Amino acid sequence: MRTILILIKKEFLQVFRNPLLLSILVVAPMVEFMIFPFCADYEIKVLNIAFIDNDRSQISKDIIHSFNSSDIFVSKGLLTSKKEADEKMKHDKIDLLVEFPSHFEESLYKNEPTVIAVTANAINSVKAGIGTGYVQEIIGGYMQDFAAANTPSNMSAAIAQQASMQSNSASFSQGEDGERQSNSSAVMPAQTITPPMPIRINISNIYWYNEQMNYKNLIVPGILVILVTLIGCYVTALNLVREKEIGTIEQVNVTPIRRWQFLLGKMIPFWLLGMAEFGAGLIIMKFVFGISVQGSLPLLLGITAIYLLVMLGLGFFISSVSENQLQSMFIVLFLFIVFVLLSGVFTPTEGMPGWAHKINYLNPMSFYIEVIKKIILKGSEFESVMRETIVLSVMAVIINTGAVLSYREASK
Amino acid sequence: MSAISIRGVNKTYDGKVVALKDINLEVEEGEVFGLVGPDGAGKSTLFNILTTLLLPDAGDIRVFQMDVIRDYKAVRQIIGYLPGTFSLYPDLSVQENLDFFAVMYKSSIEENMNIIEPIWKQISPFKDRKAGKLSGGMKQKLALCCALIHRPRILFLDEPTTGVDPVSRKEFWDILKSIRQHDITVVVSTPYMDEATRCDRIALIQDGEIIGVNPPQTIIQNFKGHLYTFKSDDIFSLLQVMEQCPLRCNYYPYGEHCHVAFYEDMETAMPQFERFLEEHQQPHSEITAIQPSVEDCFIEIVKGKT
């Protein structure tokens with residue numbers, strides 16, 4: 001017992017005397033919390049839009065005008081040629097281009113099909129998708145109003161959306177034909193005198209567990225996960241291998257202490273540090289982002305404790321198989337990226353192919369993020385996180401056994 | 001009773017590099033035993049095996065009758081080890097390092113203060129300084145304290161004086177002599193032949209083989225040649241000329257001097273040699289006969305031209 005206590009004391013002394021490690025422990029989480037949730041955001045807030053109006057009619061002007069009432073679109077004005085538009089898109093001056101064909105108005109009144117071309121810069125496919133969606137919504141809305149006002153005249157409008165890559169040569173088209181949006185009145189015969197009111201259905205959405213659809217609610221718990229993982233895995237992986245580098249491990253190995261004592265003396269301090277970081281993270285989450293834990297706090301802490309054991313064990317396993325800090329750093333970095341990208345911390349896992357889901361059964365982070373989201377955002381009880389808890393516990397046992405066994409007191 | 005008994009130890013790294021070849025060695029309890037040999041001779045490998053850090057390919061090694069492989073836990077309790085490179089925690093203070101290793105051995109500083117006192121007196125003024133900030137000599141003294149804190153029965157020192165200045169080296173050896181008073185067997189390795197004379201017995205090691213175990217005086221007495229020394233302005237050209245020397249001799253640079261060990265009747269050989277140098281236009285200082293050092297003996301054994 002005395003042996004383990006002095007090992008813990010030694011570890012803490014070293015941590016608090018290592019300015020670099022201290023700054024990793026204190027500054028890194030602060031920075032992650034203070035910057036990341038405010039900038040990592042899928043919401044599109046600004047879209048630069050330009051128009052080519054070959055029709056110069058009242059309707060085309062009205063449609064262009066209706067974009068001005070939107071907060072998202074910033075109009076970059078009317079352009080005269082396709083060439084000019086290409087140039088602007090190439091230089092990122094505009095994200096979207098809406099082009100009206102000549103005789104647009106005329107076609108509408110004559111009930112002839114006509115096409116509005118929407119071109120989007122699809123370098124950021126999310127932005128392009130959302131942008132064209134908004135454009136459709138606005139034009140569709142206008143057409144509906146227009147139809148209501150001009151029912152006798154049959155007309156149809158179709159919007160083709162065209163997404164072009166920004167690069168010079170490669171341009172791909174996303175649904176050249178677009179979705180044909182025909183007005184309900186389009187099939188009405190021309191001679192109808194009393195038109196029925198167009199049926200309008202409004203869909204209103206309620207978003208459970210994240211009512212404002214606030215992206216921070218997803219990001220902040222994700223950062224909490226990353227924080228715990230970094231402390232657990234990264235710091236410990238570097239710590240043990242450093243003892244190898246400076247040779248102190250030999251001096252310790254010639255003493256009669258047992259290897260489990262040595263590893264325990266290393267795990268307890270980093271486990272405590274990890275829990276402290278997690279606690280600090282929860283406090284920041286509550287007071288800075290106003291996200292409080294919906295579920296049981298002891299349950300959350302308990303599962304975090306188990307998850308930390310997995311990460312600590314993994315860190316020690318990595319450092320006992322690597323020769324120096326550089327090697328272990330690369331291994332941790334590799335695993336960390338795989339863990340994060342597959343785990344669903346920032347991206348939904350639902351869209352992943354089946355094999356990726358299978359790999360995720362080995363990814364402790366994917367289980368932990370489930371737990372975090374369920375307990376913090378949904379307020380889930382133990383029953384709904386039991387599977388994750390069991391899996392993490394099994395992982396903790398396996399990886400720590402591996403770490404103890406792989407740690408060699410005498411080399412071959 | 002023998003403190004260490006080594007029988008037929010072999011060690012090969014990666015199946016290619018032969019580090020130790022059929023080592024047999026006995027170290028008596030209470031002696032200061034030196035392992036002397038150039039870099040790469042296998043000294044550290046042997047030390048790592050003796051201190052239970054490395055497994056041999058074959059052979060039987062016992063430290064106070066205990067097998068270093070099977071009873072490694074018990075062996076660790078009775079050995080002290082000072083590795084070749086400074087291996088204490090540089091970010092812990094002198095006092096903290098000592099406390100740490102005392103607890104690792106389930107011992108305490110007070111309990112064995114009488115052993116480390118002469119050394120501790122020298123480093124205690126710096127006890128709050130970080131170990132990494134100590135001078136080289138002080139680091140070694142602290143490491144020695146840490147290795148002695150549990151009153152080991154045998155102390156292993158792997159090149160303790162490499163990179164240490166001559167004054168500190170002398171001090172260090174004086175400390176080692178004082179350690180023996182506490183019935184601690186000392187096994188020390190060194191590449192410095194001059195330090196070998198301070199051991200009770202030395203083993204000469206070369207290319208993983210032990211080429212002789214004797215007290216230093218015996219080794220020097222066993223020197224077969226007639227050793228002479230002289231100075232030359234151009235050692236390089238002298239050594240080239242010596243290749244053509246018709247006499248049976250070993251020659252090698254020794255500091256600023258050239259040592260030549262003759263295996264001839266010197267009555268006739270010396271005039272012959274002086275004539276040889278003259279013919280080849282090698283100006284030199286007076287050629288004087290000297291007593292061989294351990295280094296001369298080592299070279300004689302290695303070159304084997306007797």
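The values are calculated or read from the model by the stated rules, or taken from the named source; none is laboratory data. Quantities reported herein were computed from a predicted structural model and do not represent experimental measurements. Every residue, glycine among them, receives a Cβ derived from its backbone with ideal geometry; neighbour counts consider all protein chains shown. Remember, those area values only see protein heavy atoms, side chains included, never the ligands or the DNA or RNA. Shrake-Rupley method; radii C 1.70, N 1.55, O 1.52, S 1.80 Å.
Examine the stretch A:17-27 for a residue that is under 23 Å from the mean Cα position of the chain (by Cα) and aliphatic (A, V, I, L, M), and state whether such a residue exists. Outline the logic, then answer.
So the first thing to find is which residues in the stretch A:17-27 are under 23 Å from the mean Cα position of the chain (by Cα), and the list is A:27.
Next, only the ones that are aliphatic (A, V, I, L, M) stay: A:27.
Looking through the stretch A:17-27, at least one residue is under 23 Å from the mean Cα position of the chain (by Cα) and aliphatic (A, V, I, L, M).
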**Message:** Could you go through the stretch B:69-87 and let me know if any residue there is more than 9 Å from chain A (Cβ to nearest Cβ), free of Cβ contacts under 8 Å to residues at least 12 places away in the same chain and crowded, with 16+ Cβ neighbours inside 10 Å.
**Reply:** yes
**Request:** Look through B:Val18, B:Val32 and report the one residue that is away from chain A (no Cβ under 14 Å), in contact (Cβ under 8 Å) with a residue 40 or more places away in the chain and under 26 Å from B:Ile219 (Cα atoms).
**Result:** B:Val32
**Message:** Return the residues of the stretch B:201-221 that are open to solvent by 80 Å² or more (accessible area, probe 1.4 Å) and either more than 25 Å from the chain's Cα centre (by Cα) or among the polar types (S, T, N, Q) (or both); say none if nothing qualifies.
**Reply:** B:Gln217, B:Gln221
**Asked** Out of all the residues in the stretch A:8-21, is one or more open to solvent by 70 Å² or more (accessible area, probe 1.4 Å), touching an Asp or Glu at 6+ places or on another chain (Cβ under 7 Å) and over 21 Å from A:Gly140 (Cβ atoms)?
**Response** yes
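Is it true that A:Glu112 is surrounded by 15 or more Cβ atoms within 10 Å (Cβ to Cβ) and not in a helix (DSSP H, G or I)?
Details: surrounded by 15 or more Cβ atoms within 10 Å (Cβ to Cβ): no; not in a helix (DSSP H, G or I): yes.
Spelling it out, it is not the case that A:Glu112 is surrounded by 15 or more Cβ atoms within 10 Å (Cβ to Cβ) and not in a helix (DSSP H, G or I).
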**Prompt:** Quick one: what pairs do we get from the stretch A:330-359, first residue in a loop (DSSP other than H, G, I, E, B), second among the polar types (S, T, N, Q) and surrounded by 10 or more Cβ atoms within 10 Å (Cβ to Cβ), C-beta under 9 Å, 6+ apart or different chains?
**Reply:** A:Gly344/A:Asn360; A:Gly344/A:Ser366; A:Val345/A:Ser366; A:Thr349/A:Ser343; A:Thr349/A:Asn360; A:Thr349/A:Ser366; A:Met352/A:Asn360
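Identify, from the list B:Glu96, B:Glu171, the residue that is within 14 Å of another protein chain (Cβ to nearest Cβ), charged (D, E, K, R) and surrounded by 15 or more Cβ atoms within 10 Å (Cβ to Cβ).
Working: B:Glu171 fails: within 14 Å of another protein chain (Cβ to nearest Cβ).
Just one listed residue meets the conditions, B:Glu96.
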**Asked** Do we have A:Ile49 as open to solvent by 30 Å² or more (accessible area, probe 1.4 Å) and in contact with a Leu (Cβ under 6 Å, 6 or more places away or on another chain) here?
**Response** no
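Residues checked against (1) open to solvent by less than 10 Å² (accessible area, probe 1.4 Å); (2) more than 29 Å from A:Ser320 (Cβ to Cβ):
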| site | (1), (2) |
| --- | --- |
| A:Pro221 | yes, yes |
| A:Glu250 | no, no |
| A:Met285 | yes, yes |
| A:Gly295 | no, yes |
**Prompt:** Given (1) more than 25 Å from B:Gly163 (Cα to Cα); (2) more than 22 Å from the chain's Cα centre (by Cα), where does B:Pro125 come up short, assuming only one miss?
**Reply:** (1)
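Being at pLDDT 80 or above, assigned to a helix (DSSP H, G or I) and out of contact with any helix residue (DSSP H, G or I) (no Cβ under 8 Å at 6 or more places or on another chain) is the requirement here; does A:Leu20 meet it? Step through it out loud before you land on a result.
Working: at pLDDT 80 or above: yes; assigned to a helix (DSSP H, G or I): yes; out of contact with any helix residue (DSSP H, G or I) (no Cβ under 8 Å at 6 or more places or on another chain): yes.
Spelling it out, A:Leu20 is indeed at pLDDT 80 or above, assigned to a helix (DSSP H, G or I) and out of contact with any helix residue (DSSP H, G or I) (no Cβ under 8 Å at 6 or more places or on another chain).
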**Complete:** The number of residues in the stretch B:99-118 that are in a helix (DSSP H, G or I) and either away from every other protein chain (no Cβ under 12 Å) or closer than 23 Å to B:Glu29 by Cα (or both) is 6
**Message:** Could you check the stretch A:366-412 and list, in sequence order, the residues that are open to solvent by less than 30 Å² (accessible area, probe 1.4 Å), assigned to a loop (DSSP other than H, G, I, E, B) and of a type in the set (D, E, K, R)?
**Reply:** A:Glu409
